[in-house]
Amino acid sequence: DPVCLQEKLRQNEKPGGHGERRAAVGAIDMAAWDLAAKLAGQPLCRLIARRFGDGNAKDKVEVYAAGGYYHDQDGTDGLKRELNGYLESGFTKVKIKIGGATLAEDIKRIETAIEVTGDPGHVAVDANGRFGTEDAIAWGRAIAPFGLRWYEEAGDPLNFELQRAVGAVYPHPMATGENLFSREDVRNLLRYAGLRPDRDILQMDPGLSYGLVEYLDMLAQLKAFGWDPASCFPHGGNLFNLHVAAGLHLGGTEAYPGVFAPFGGFGDSVRIENGFAMPPDVPGIGWETKPDLMAHFEELLQEDGIGV
């Protein structure tokens, strides 16, 4: 039982200090849920839905292709090729980086992404926490006329005052939360960051945050503050979070079709159609449906003299 295992793993732990242990516990938690779903003979999303949801996993999950890193040698040509590749693979929504170039260059990149997708509402931008308050507001005011899908992590994720200041002048959806790793962090975010439940997006990542049990506590916090689970799009772009999104009826989840291999991406068994994906219909999480990942595991085990 992964819930009982979680209690054992965190027994006698001092509160706070959510450093390396939250990712270590999250990794063990993922393995435990994979095993539990295999023993139950069903995909993890169905086990999650039966135990924590309404009993029915979503038939399909909205996903977006995260990428859009800087291609210095190609300018916007490289970005255009990358995003076109995502659309050809079945995605309709994308996310690109900002804050690593001048504002003028970032505006060109945004215009390129809109040109490729055909809809500014299908383009999100991510600053990866690069900005101080002044720049975060300046970039926000500059991109506001586009009406983008969201403006993500303008500044340090724990700088709730910055988040509140940007939200006061930026009228469209903002996104944050991927670097918050506990229910207490999320509670403070909801209390102090000025987020707006009617439009903003929360991206906490179960795999980085002690696992599914802690994530369920985060969702309970959201409910207490008047948020809908449909506002949640977990960071991470992996199969585990795809199952979580389907089982708990979240708004969707991130996907990494072009980066962070072999862990990023959902694998060949998951079709992306019109911007939606469904977890593989195999017992467990379905890591085995990713041949490149399994080859990586096999190589690591052989290096350790374990074999498979």
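The values are calculated or read from the model by the stated rules, or taken from the named source; none is laboratory data. All values derive from a computational prediction rather than experimental measurement. Cβ sites come from the backbone with ideal geometry, for glycine too, and all protein chains shown count toward neighbours. Note: areas computed on protein heavy atoms with side chains; ligands, DNA, RNA excluded. Shrake-Rupley method; radii C 1.70, N 1.55, O 1.52, S 1.80 Å.
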Original post:
Considering only region 76-106, how many residues are more than 17 Å from Y256 (Cα to Cα), open to solvent by 40 Å² or more (accessible area, probe 1.4 Å), in contact (Cβ under 8 Å) with a residue 12 or more places away in the chain and not in a helix (DSSP H, G or I)?
Top reply: 1
**OP:** Tell me which of these I137 doesn't satisfy, since it passes every other one: (1) farther than 28 Å from A27 by Cβ; (2) part of a loop (DSSP other than H, G, I, E, B).
**Re:** (2)
**OP:** For L222, state whether it is touching a helix residue (DSSP H, G or I) at 6+ places or on another chain (Cβ under 8 Å), within 23 Å of D59 (Cβ to Cβ) and open to solvent by less than 30 Å² (accessible area, probe 1.4 Å).
**Re:** no
**OP:** Among the residues of region 140-160, write down those that are part of a loop (DSSP other than H, G, I, E, B) and open to solvent by less than 40 Å² (accessible area, probe 1.4 Å).
**Re:** G147, L148, R149, E153, A154, G155, P157
Original post:
H172 fails exactly one of the following numbered conditions: (1) free of Cβ contacts under 8 Å to residues at least 40 places away in the same chain; (2) open to solvent by less than 30 Å² (accessible area, probe 1.4 Å); (3) closer than 30 Å to D119 by Cβ; (4) in contact with a strand residue (DSSP E or B) (Cβ under 9 Å, 6 or more places away or on another chain). What is the number of that condition?
Top reply: (2)
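Results for (1) modelled with pLDDT under 95; (2) on the phi < 0 side of the Ramachandran plot, shown as yes or no for each residue.
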site	(1), (2)
G55	no, no
K58	no, yes
Y64	no, yes
Y69	yes, yes
T76	yes, yes
L83	no, yes
Y86	no, yes
Subject >> F181 touching a residue at least 60 places away in the same chain (Cβ under 8 Å), assigned to a helix (DSSP H, G or I) and not hydroxyl-bearing (S, T, Y) >> reply: no
Original post:
Does at least one position in region 107-124 carry a residue that is within 30 Å of L47 (Cβ to Cβ) and surrounded by fewer than 16 Cβ atoms within 10 Å (Cβ to Cβ)?
Top reply: no
Original post:
Can you tell which of L300, L208 is surrounded by fewer than 15 Cβ atoms within 10 Å (Cβ to Cβ) and either farther than 27 Å from E82 by Cα or in contact with a helix residue (DSSP H, G or I) (Cβ under 7 Å, 6 or more places away or on another chain) (or both)?
Top reply: L300
Original post:
What residue, of K14, K8, is part of a loop (DSSP other than H, G, I, E, B), among the basic types (K, R) and exposed (fewer than 12 other Cβ atoms within 10 Å of the Cβ)?
Top reply: K14
Original post:
Name the pairs whose Cβ atoms lie under 6 Å apart, with the first residue in region 270-299 and in contact (Cβ under 8 Å) with a residue 40 or more places away in the chain and hydrophobic (A, V, I, L, M, F, W, C), the second assigned to a strand (DSSP E or B) and crowded, with 17+ Cβ neighbours inside 10 Å, and 6 or more positions between them or separate chains?
Top reply: F276/E62; A277/V61; A277/V63
Subject >> Index of the failed condition, E288 passing every other in (1) open to solvent by less than 10 Å² (accessible area, probe 1.4 Å); (2) closer than 16 Å to L44 by Cα; (3) of a type in the set (D, E) >> reply: (1)
Original post:
For region 184-210, how many residues meet the condition of being in a loop (DSSP other than H, G, I, E, B) and under 25 Å from K95 (Cα atoms)?
Top reply: 12
**OP:** For region 161-168, state whether one or more residues are of a type outside the set (S, T, Y) and either touching a Cys at 6+ places or on another chain (Cβ under 8 Å) or not in a helix (DSSP H, G or I) (or both).
**Re:** no
Subject >> Residue ranges of helices (runs of 4 or more DSSP H) in region 212-308 with at least 2 members more than 15 Å from the chain's Cα centre (by Cα) and within 21 Å of I28 (Cβ to Cβ) >> reply: 212-224, 291-303
